[in-house]
Amino acid sequence: MLGSGDLTSNLSRQSEPSPSESTTPRVLTILSHVIEKLVARNDKLVDDMDKKLDGVSSGLARVGKSLNVFHGVRAPNISIVKYLERLYKYTSCSPSCFVVGYVYIDRLTHKHPDSLVISLNVHRLLVTSVMVASKMLDDVHYNNAFYARVGGVSNAELNRLEMEFLFLLDFGFVVSSRVFESYCSHLEKEMMINGASQRIERAIVSNAVDDVTELSVEDTQSSSPPQGMD
Amino acid sequence: MAIAAPGQLNLNESPSWGSRSVDCFEKLEQIGEGTYGQVYMAREIKTGEIVALKKIRMDNEREGFPITAIREIKILKKLHHENVINLKEIVTSPGPERDEQGRPDGNKYKGGIYMVFEYMDHDLTGLADRPGMRFSVPQIKCYMRQLLTGLHYCHVNQVLHRDIKGSNLLIDNEGNLKLADFGLARSFSNDHNANLTNRVITLWYRPPELLLGTTKYGPAVDMWSVGCIFAELLHGKPIFPGKDEPEQLNKIFELCGAPDEFNWPGVSKIPWYNNLKPTRPMKRRLREVFRHFDRNALELLERMLTLDPSERISAKDALDAEYFWTDPLPCNPKSLPKYEASHEFQTKKKRQQQRQHEENAKRQKLQHQQQHGRLPPGQQSGQAHPQMRSGPNQPLHGSQPPVAAGPSHHYGKPRGPAGGPGRYPPSGTSGGYNHPNRGGQGSSGYGSGPYPPQGRAPPYGSSSMPGAPPHASGGGSGYGVGGPNYPQGGPPYGGSGAGRGSNMMGGNRNQQYGWQQ
């Protein structure tokens, strides 16, 4: 059940993206902040359960099993913000994919309330959700094999994660512009609470949401992005 | 999948998609076969309901879950209309793999993923191609009205179908017609500012603006296809059977006239206009060619086959056309005759056996005549090659098009994973189509499909492959109901070059079809 690939060592074999560039969309910063908070809270929850159980069994065992397939043996040592930046840098997916990916993860946790997003599964959840969002939204997107390389998991594992993800979501991929907008506001509010006022770049973003226009350019021949990074 | 605690019932939760196994269904028979997998007619064990199971091909590891399937599922989850096929659920199959203890190995998707559709007995192409089939005027009106109603529903929900053709219009024995196959469909915005791919819609049904390379388009593209189908129903055979894009455009211009800034303002700005514009003046001959059509039918057809997409009639306006409101009125679907369900996949098998029998007899005779002159191996093995699925019931007729598939039933239409081979044909010479998402399939599927050129389903068109069957779905489409109108006595399809003729209009479909006045 535990993810087979050692995500950290896979990643370290590849060139590390240069630290956050000025072009990094704010949505990444906001999103990683929100997710880091969520993960910290849930990790603590599991930890507290551990203490209560006093070593008899792991607190993790009390957590729902729905996300088990996303669990790694240990938490990768790449931070969430670095991981998101990496996904953005190499896959050049549209920023809205990160918001929609977040919508998906949020739906997942609501559908399976006993399953927690924790440091053991957050990276795999992120790469899968962003990839699925990109498949839904983006005109041009990389295939699973490429996302696997960027995300530091094997192609086969990512396919398995994708499949699991689609079914956990009950194939509910549609994100209306209204829902999209409300998630943007939510993320911005989260940021405000922390004193920093930032707005998500919606101009780029809302263009790519389905129900309205899911893609701005779809598979025109000239639009093939540079292949690979190796 | 939330599981109720012991002792509690999960009463208010409907089973979520994918929570059920394909074992809930009893497969009755295979009704389709394609490059993407199989289609089965099946019975839900609990309810006895008959459904169609379409397997999603998962064998392209690099692509993961096929994007066409993702988009089809997404769109069909959103659309609910009596003239749009109903996707009931997604089921999984754990597959035969077991671990050492003989338990299932825990990968519940290994055996495949199936989309469960309501079962439909026919598709329009297959039905029209039945021997002796003759649609009555009220029947044509009835089908056309349902087609337009379903399409109007899609368009108001901002979905472009982008692959309207006879084999994607499924018909049940209650006379209901439903749009199917949304693998190419997408949402659109009303401002038409988005750039969309122009490599959609099966060639014969593709509108001139796409052939001229526009990337900004809207619902009018589907309406052109509807016009082609309408004319085909009245005329008895496809009206624009081009074998590649330039020929397709030419056929359109020959009937609808050459476009210019006068009849289609802005046409000269469309990307490929200068390369593809007609070399000689051509005037519109639609009314002349189809002068035997009913006046109101011709009026409606005129407005559907309008070159300028902004002037083309919308689905909604078409429904208001005189044609549907004058005698004879469209009939009630329920009053339509019921036809014996026929799936090409099965009829083919029968015909294949019959053909093989005939061929064997012929070969024996031949061998008897020329003791030393054996047939060339290609010809020999070609006769009943198992891959040549579209063959047996569609022996090539000299006048048939050099295209791949027999009329394909929707379910059976092979569909490569992302976009499918042939859907996005390379426009250039080599790998051509460079979409990172589809390129992989594109290059493998297109033209290298295992199926020989035959049958009458239109190609997706590729100017880079003249003569070769550009439609990899080819015989694989299998499940079409059609084809039987081609005479059994046609030349054996293994014969080289047979069926290369491009003069589709000389086909013999009209012999059975009946010309509607």
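The values are calculated or read from the model by the stated rules, or taken from the named source; none is laboratory data. Since we're looking at a predicted model, the values are computed, not measured. Positions of Cβ are generated from backbone atoms using ideal geometry, with glycine treated the same way; all protein chains shown enter the neighbour counts. Note: areas computed on protein heavy atoms with side chains; ligands, DNA, RNA excluded. Shrake-Rupley method; radii C 1.70, N 1.55, O 1.52, S 1.80 Å.
Averaging Cα coordinates gives a centre for region B:259-275 and one for region B:65-93; these two points are 37 Å apart.
Legend: mean number of C-beta atoms from other chains within 10 angstrom of residue C-beta atoms, peptide B:57-66, equals 6.
Note on region A:74-113 and region B:113-132: Cα centroid distance 42 Å, given to the nearest whole angstrom.
Please give the total accessible area that chains A and B bury against each other, computed with a 1.4 Å probe and expressed in Å² to the nearest 100.
Values: alone 11200 and 21610 Å², together 29140 Å².
Separately minus together, A and B give about 3700 Å² buried.
Name the shape class, rounded, prolate or oblate, that the alpha-carbon gyration tensor gives for region B:135-252, where a ≥ b ≥ c are the square roots of its eigenvalues, rounded holds for a/c under 1.5, and otherwise prolate holds if a/b is larger than b/c and oblate otherwise. Oblate, because a/c is 1.5 or more while a/b does not exceed b/c. The local environment of A:Leu169, defined by Cβ-Cβ distances under 9 Å, has a net charge of +1 under the rule Lys, Arg +1 and Asp, Glu -1. With R₀ fixed at 45 Å, the C-beta to C-beta distance from B:Asn263 to B:Glu174 puts the FRET efficiency at about 0.60.
Does region A:52-178 come out rounded, prolate or oblate, given a ≥ b ≥ c as the square roots of the eigenvalues of its C-alpha gyration tensor, rounded meaning a/c under 1.5 and, failing that, prolate meaning a/b above b/c?
Working: a/c = 2.00, a/b = 1.48, b/c = 1.36.
It comes out prolate by the Cα gyration axes.
Ranked by the mean number of other Cβ atoms within 10 Å of their residues, highest first, the peptides A:113-126, B:224-237, A:66-79 come out as B:224-237, A:113-126, A:66-79.
Mean per-residue shielding of peptide B:75-81 is 2, counting Cβ atoms of other chains within 10 Å of each Cβ.
Interface burial in region A:126-161 reaches 40 Å² or more for A:Lys135, A:Met136, A:His141, A:Asn143, comparing the full protein assembly with the chain by itself; accessible area from heavy atoms with a 1.4 Å probe.
Cα-Cα over 20 Å: which of A:Lys44/A:Lys189; B:Lys178/B:Lys338; B:Lys77/B:Lys178; B:Lys55/B:Lys77; B:Lys178/B:Lys334; B:Lys46/B:Lys74?
Values: A:Lys44/A:Lys189 23 Å; B:Lys178/B:Lys338 16 Å; B:Lys77/B:Lys178 15 Å; B:Lys55/B:Lys77 17 Å; B:Lys178/B:Lys334 14 Å; B:Lys46/B:Lys74 27 Å.
Cα-Cα > 20 Å for A:Lys44/A:Lys189; B:Lys46/B:Lys74; rest within.
Once the Cβ-Cβ distance between B:Glu299 and B:Asn190 is put in as r, and R0 is 35 Å, what FRET efficiency do you end up with, to the nearest 0.05? Mind showing how you got there, number by number?
Working: r = 27 Å, r/R0 = 0.78.
My answer for the efficiency is 0.80.
Enter the mean number of other protein chain beta carbons within 10 Å of the beta carbon of each residue in B:314-322, as an integer.
Working: counts 0, 0, 0, 0, 0, 0, 0, 0, 0.
If you average over the peptide's residues, the count of other-chain Cβ atoms is 0.
Excluding B:Ser314 itself, what net charge comes from residues whose Cβ is under 12 Å from its Cβ, given Lys and Arg +1 and Asp and Glu -1? Intermediate values should be presented prior to the final figure.
Working: positive: B:Arg303, B:Arg312, B:Lys316; negative: B:Asp222, B:Glu311, B:Asp317, B:Asp320.
Taking every Cβ under 12 Å from that of B:Ser314, the sum is -1.
What number comes out for the charge environment of B:Lys338, summing +1 per Lys or Arg and -1 per Asp or Glu over other residues with Cβ under 15 Å away? So the surrounding residues net to -2. For region A:126-169, the solvent-accessible area with a 1.4 angstrom probe is 13 square angstrom per residue.
Report the calculated FRET efficiency for B:Asp327 and B:Glu358 (r = Cβ-Cβ distance, R0 = 56 Å), to the nearest 0.05. Walk me through the intermediate numbers first.
Working: r = 48 Å, r/R0 = 0.85.
Result of the calculation: an efficiency of 0.75.
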